[in-house]
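Worksheet: one structure, shown below.
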Ligand SMILES: [Zn+2]
């Protein structure tokens, strides 16, 4: 922020044909006045209300020390876990698309993720393996975990999460073929319902497999058969 009272900044605040060139051109809004803050506040109030309702549905007391600040903490945690709604692949990848050096198979294995099942609002988590044959672009390897989080940090089902990661990769770098496999455990199955603690769910989705030779298909499938 420029300070008009310091001599070196006075020139920067001279009037121009468009008005003042300095930071005082627009009236400065306090954080509380911005649209973004008001929307954020509204979401937090809604989430806090939801947490209060859950606690009120039990014989427990919102006045109890351990619970009194729980609605605020719940809102903060949910805001974090659902932040994917505000992100797009283009936003998170930024400058992370590069020219491909040859079209060899690229795979990133066992990227961990945490998501929330849309049927019970309970966590499911596990790992994602992604493999693709580039056309003429590749993605920086660190971008895959970010792409996964865009879709994992929403209310989700594992099947759609798998497809959305494939589609986002396809949109960003248009590879010849891309395949994603997710292995996940679901708390809604482990803690309730069928109560099967050792079960896991595997989902797969692919685009462009018909463009691959039999040898390339074998190599791609080998990546997934090695997955834990
Ligand atoms: Zn569920």
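If you wrap a convex hull around the alpha carbons of the range 186-228, what volume per residue comes out, as a whole number of Å³?
With only Cα atoms used, the range 186-228 gives 88 Å³ per residue.
Return 78, 179 ranked ascending by Cβ neighbour count within 10 Å, so the fewest neighbours appear first. Don't skip to the answer; put the middle values down first.
Numbers: 78 19, 179 26.
The most exposed by this proxy come first: 78, 179.
Starting from the Cα gyration tensor of the chain, take the square roots of the eigenvalues, sort them a ≥ b ≥ c, and report rounded, prolate or oblate (rounded when a/c is under 1.5, otherwise prolate if a/b is larger than b/c, else oblate). Intermediate results must be reported in sequence, preceding the final value.
Details: a/c = 3.54, a/b = 1.21, b/c = 2.92.
Oblate is the answer for the chain, as a/c is 1.5 or above yet b/c matches or exceeds a/b.
I'm checking a number: the convex hull volume of the Cα atoms of the range 34-81, normalised per residue, in Å³. What is it?
Working: hull volume 3.3 nm³, N = 48.
Each residue corresponds to 68 Å³ of Cα convex hull volume.
Would you work out the relative contact order for the chain, in percent, from Cα pairs under 8 angstrom that are 6 or more residues apart?
Averaging sequence separation for qualifying contacts and normalising by length gives 16 percent for the chain.
What does the helix-only formula give at 222 nm for the chain: each DSSP H stretch with n ≥ 4 adding -39500 (n - 2.57), the total divided by the residues, and the result rounded to the nearest 500 deg cm²/dmol?
-11500 deg cm²/dmol
Per residue and in Å³, how big is the convex hull formed by the alpha-carbon atoms of the range 38-151?
Numbers: hull volume 15.2 nm³, N = 114.
Looking at the range 38-151, the number lands at 133 Å³ per residue.
Given a 10 angstrom Cα cut-off, can you work out which residue in 83, 156, 197 is the most mobile in a GNM of the chain?
197
Between residue 98 and residue 209, how many nm apart are label points set 7 Å from Cα along the C-beta direction?
About 3.0 nm separates the two model spin labels.
Once the piece of chain linking residue 170 and residue 50 is laid out straight, how much longer is it, given 0.36 nm per residue of separation minus the C-alpha distance between them?
39.5 nm
What order do you get for 200, 144 when you list them from fewest to most C-beta neighbours inside 10 Å? Don't jump to the answer; show the numbers that get you there.
Working: 200 14, 144 22.
Exposure proxy ranking, most exposed first: 200, 144.
Which whole-number percent is the relative contact order of the range 73-195 (Cα, under 8 Å, 6+ apart)?
Rounded, it is 32 percent for the range 73-195.
Using the alpha-carbon centroid of each, what span in Å lies between the range 58-126 and the range 194-228?
Taking the Cα centre of each part, the range 58-126 and the range 194-228 sit 23 Å apart.
Using per-residue counts of other Cβ atoms within 10 Å, averaged over each peptide, order 63-72, 145-154 from highest down.
145-154, 63-72
Coordinate-derived values only; no laboratory data. These figures come from a predicted structure and were not determined experimentally. In this analysis, Cβ positions are derived from the backbone assuming ideal geometry, glycine residues included, and neighbour counts consider all displayed protein chains.
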